[in-house]
Amino acid sequence: MTVPTSFDSNNPVTDHEMPDAVLREQLQSSLCIREMTIDDLAEVFHIGETVFTAEYSPSLYRTWDEYEVTSMFNTDSQLCLVAESAGRTVGFALGTTVEKQHSAWKYGYLVWLGVCPRSQKLQVGERLFREMKRRMKAQGVRMIIIDTSADNHAAIHFFSKLGFDHPQEHVYMTLNLATPKKKRRKKKKNAGKK
């Protein structure tokens, strides 16, 4: 997806033509974090399609779909945020809270955080997270949880800078139901003996 970075609709300059310093200044000066509305669902989904690719992360690619976005929006809309710059969505964060029985703790779970590739490394993700953290804290959350693949070093570094610690590796396993299972032949214990 090519996202125009010109904030003036009369200016045809695209993100590929605009110098990074100009893009950074324009983005940061007009960036606002707000609650997602129903009108944002399609754009959030498309940003996720751009960010969560099979090459980047097969497990995220497999679980990212339009139902994920609408489900999060329908269940916890106060924790569905977008980053917007001059009327253009450049990122999003989708979260929820979890209350465990017999526990005084309420947990926040940042399920998805995505930023348009051209807007990454411009503190969009950090600003989305800060607002998510503020909202979760206001809802009584005592701990925020995130998860990512063990080999997603960029995400681990990003969240470590924000104060997350105690990383634990995930194991992702798949079972392909589209291909028949190969049968293993059992070796006879007494093969060749009479």
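Taken together, the values in this text are just the output of simple stated rules run on the coordinates, not laboratory data. Every value quoted in this text rests on a predicted model; they were computed, and no experiment measured them. Note that each Cβ is placed from the backbone with ideal geometry, even for glycine, and that neighbours are counted across all protein chains shown.
So what's the projected area for the range 104-158, the Cα convex hull averaged over all directions, in nm²?
Mean orientational projected area (the range 104-158, Cα hull): 4.3 nm².
Pop the C-beta distance of Cys32 and Ala138 into the FRET formula with R0 = 25 Å and round what comes out to the nearest 0.05.
Taking R0 as 25 Å, the efficiency between Cys32 and Ala138 is 0.85.
In the range 31-161, what is the count of Lys pairs whose alpha carbons are under 20 Å apart, counting only pairs at least 8 residues apart or on separate chains? List each step's numbers first, then the result.
On the way: Lys100/Lys133; Lys100/Lys137; Lys106/Lys133; Lys106/Lys137; Lys121/Lys133; Lys121/Lys161; Lys133/Lys161; Lys137/Lys161.
Step by step, the pairs that qualify in the range 31-161 add up to 8.
Given the C-alpha centroids of the range 84-112 and the range 116-182, what is the distance between them in whole angstrom?
11 Å
Based on the alpha carbons, how large is the Rg to Rh ratio for the range 129-172 when Rh follows Kirkwood?
My calculation of the ratio gives 1.01.
Need one word for the range 31-161: rounded, prolate or oblate. Basis is the Cα gyration tensor (sqrt eigenvalues a ≥ b ≥ c); a/c below 1.5 gives rounded, then a/b vs b/c decides.
Rounded, because the longest to shortest axis ratio a/c is under 1.5.
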